[in-house]
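Let me begin by presenting the structure, written as structure tokens, before commenting on it.
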Amino acid sequence: CLDEEGKVHKFDSSWRTENCDDCSCSRTGIGCCTSYMRPVDYDEEKCESIFNKETCSYKVVEKDDHSKECPVHSWVG
């Protein structure tokens, strides 16, 4: 399989992209999906979500104090 970056992958292999997508190669082609959950139900006036590309995860923190995490009631992915 040839991915969008021009790299060749063996059949039945899997990998994680720089954009945190999990991909796999089969004889029918390449399939990819996000490897992370996205927060969708939190106080957006008081808080903001920050994506960490190193851990492929979101953290939801107070806008005025990033050391304080906010509760998240729903995630999608």
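Here region 43-77 is the region considered, the condition is being among the acidic types (Asp, Glu) and out of contact with any strand residue (DSSP E or B) (no Cβ under 6 Å at 6 or more places or on another chain), and the residue that is nearest to Cys20 (Cα to Cα) is Glu54.
Note on region 23-69: residues that are open to solvent by less than 50 Å² (accessible area, probe 1.4 Å), in contact with a Gly (Cβ under 9 Å, 6 or more places away or on another chain) and outside any loop (DSSP other than H, G, I, E, B) amount to 2. Screening Thr28 with (1) of a type in the set (Ser, Thr, Tyr); (2) touching a residue at least 12 places away in the same chain (Cβ under 8 Å); (3) more than 30 Å from Pro71 (Cα to Cα) gives one miss only, at (2). Screening Arg16 on (1) in contact (Cβ under 8 Å) with a residue 24 or more places away in the chain; (2) over 15 Å from Gly77 (Cβ atoms); (3) of a type outside the set (Phe, Trp, Tyr) shows it passes everything except condition (2). With the structure loaded, tell me whether Cys47 is touching a Phe, Trp or Tyr at 6+ places or on another chain (Cβ under 6 Å) and either at positive phi or at pLDDT 95 or above (or both) or whether it fails that test. It is false that Cys47 is touching a Phe, Trp or Tyr at 6+ places or on another chain (Cβ under 6 Å) and either at positive phi or at pLDDT 95 or above (or both).
The values are calculated or read from the model by the stated rules, or taken from the named source; none is laboratory data. Treat the numbers as computed from the prediction; the structure is a model and nothing was measured. Virtual Cβ from ideal backbone geometry, glycine too; neighbours counted across all protein chains shown. With ligands, DNA and RNA removed, areas are computed over all heavy atoms of the protein, side chains included. Shrake-Rupley method; radii C 1.70, N 1.55, O 1.52, S 1.80 Å.
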